[in-house]
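**Student:** Quick one: this structure, given as structure tokens, is what I'll be asking you about.
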Amino acid sequence: MGFEWILAFLALGLVVGFMAGLLGIGGGGIMVPVLTSIFLAQGVPVEQVVHMALGTSMASIVFTSFASMRAHHKKGAVMWNVVKYMAGGVVIGTFAATFLATYMKSVHLAIFFAIFMAYVSIQMAIDKKPKPSRELSTPASLFSVGSLIGIVSALVSIGGGSLTVPYLVWQNVDLKKAIATSAAIGFPLSIAGTVGYIVNGMMHSSGSGAEMMLGFVYLPGVVLISIVSYFTAPLGAKMAHTLPVGKLKKIFALLLMILSIKMLTSVI
């Protein structure tokens, strides 16, 4: 891997970690489009490039989600009873969806990613919060919703926060506890997604042209992104108290939209 690609992965990790800490969002929205561009530039075939971006992004989320989960647990904000019921569904849904992703063409994955990120961008720009209107669901319902969150998260390679947090807030869970609980759910989600993309990549990959691959996971990219993001995420969290987060969310929403469109056009 050339020095320019090392710098690219390190820079990506810096931005992903900082934004995750600052705005409380996962890095998949940034990582997948950027990784798609990097892998295309490295000569990865178009038919596999989005799968590699999804797998590598999911593996990179494992380390940052663990750090986030640990930090929230220390503050006593994680609702482990909710995690217990949702995590099972999340793991099954995420792992199963990686098999679906393997059989989808890159362009179809890119379209789904772009549509979902458009939804996330709009929600972020208008900053509309769901109204608490009901009590916490039954264990069976939490498991079922977790499965759906896992399926969507695997197909767009996110930690699930953009879906889990609104769902919990809607059920009268305090926002801080919803964020902390979502972070705890994101850890097993990212592990299940990573394992799924490794297994499916080893079963179906016909040779991506990239060395140091484990299924659909590009190991050097994961290491470089994770090393930096693990340390920049706490920095972003500290800066959240001094920077204009509301304005930054709107700018970031526009960036997500632009990156998604660029990714879509690059694989069509």
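**Student:** Using the per-residue mean of other Cβ atoms lying within 10 Å as a proxy for protection, in what order, highest first, do the peptides 49-58, 33-42 fall?
**Tutor:** Top to bottom by mean Cβ count within 10 Å: 49-58, 33-42.
**Student:** Of Lys129/Lys262; Lys129/Lys249; Lys176/Lys249, which pairs sit farther than 21 Å apart, going by alpha carbon to alpha carbon?
**Tutor:** Beyond 21 Å: Lys129/Lys262.
**Student:** Among the chymotrypsin sites (Phe, Trp or Tyr not before Pro) within the stretch 98-142, which fall in a DSSP loop and have no more than 12 other Cβ atoms within 10 Å of their own Cβ?
**Tutor:** Counting only loop positions with at most 12 other Cβ atoms within 10 Å, none of the chymotrypsin sites (Phe, Trp or Tyr not before Pro) in the stretch 98-142 qualifies.
**Student:** Still on this structure, please answer the following. Taking all protein chains in place and a 1.4 Å probe, what share, in percent, of the accessible surface of the chain do carbon and sulfur account for?
**Tutor:** 72 percent
**Student:** A 19 angstrom limit on the alpha carbon distance is what I want to check against. Which of Lys74/Lys128; Lys74/Lys177; Lys131/Lys247 exceed it?
**Tutor:** Flagged as over cut-off: Lys74/Lys128; Lys131/Lys247.
**Student:** Sequence-distant or interchain residues sharing an amide H contact under 5 Å with Phe216, placed H: which?
**Tutor:** Counting only residues 5 or more places away or on other chains, the set is Ile198, Gly201, Met202.
**Student:** Return the loop-located trypsin sites (Lys or Arg not before Pro) in the stretch 28-80 (DSSP other than H, G, I, E, B) with at most 15 other Cβ atoms within 10 Å of their own Cβ; answer none if there are none.
**Tutor:** Lys75
**Student:** With every protein chain present, what is the per residue accessible area of the chain (1.4 Å probe, Å²)?
**Tutor:** Result: 46 Å² per residue.
**Student:** Calculate, for Glu211 and Val46, the FRET efficiency according to 1/(1 + (r/R0)^6) with r their C-beta to C-beta distance and R0 25 Å; round to the nearest 0.05.
**Tutor:** 0.85
The values are calculated or read from the model by the stated rules, or taken from the named source; none is laboratory data. These numbers come from a predicted model, not from an experiment. As a convention, Cβ positions derive from the backbone with ideal geometry for all residues, glycine included, and neighbour counts pool all protein chains shown. Each accessible area value is taken on the protein alone, full model and side chains, heavy atoms only, with ligands, DNA and RNA left out. Shrake-Rupley method; radii C 1.70, N 1.55, O 1.52, S 1.80 Å.
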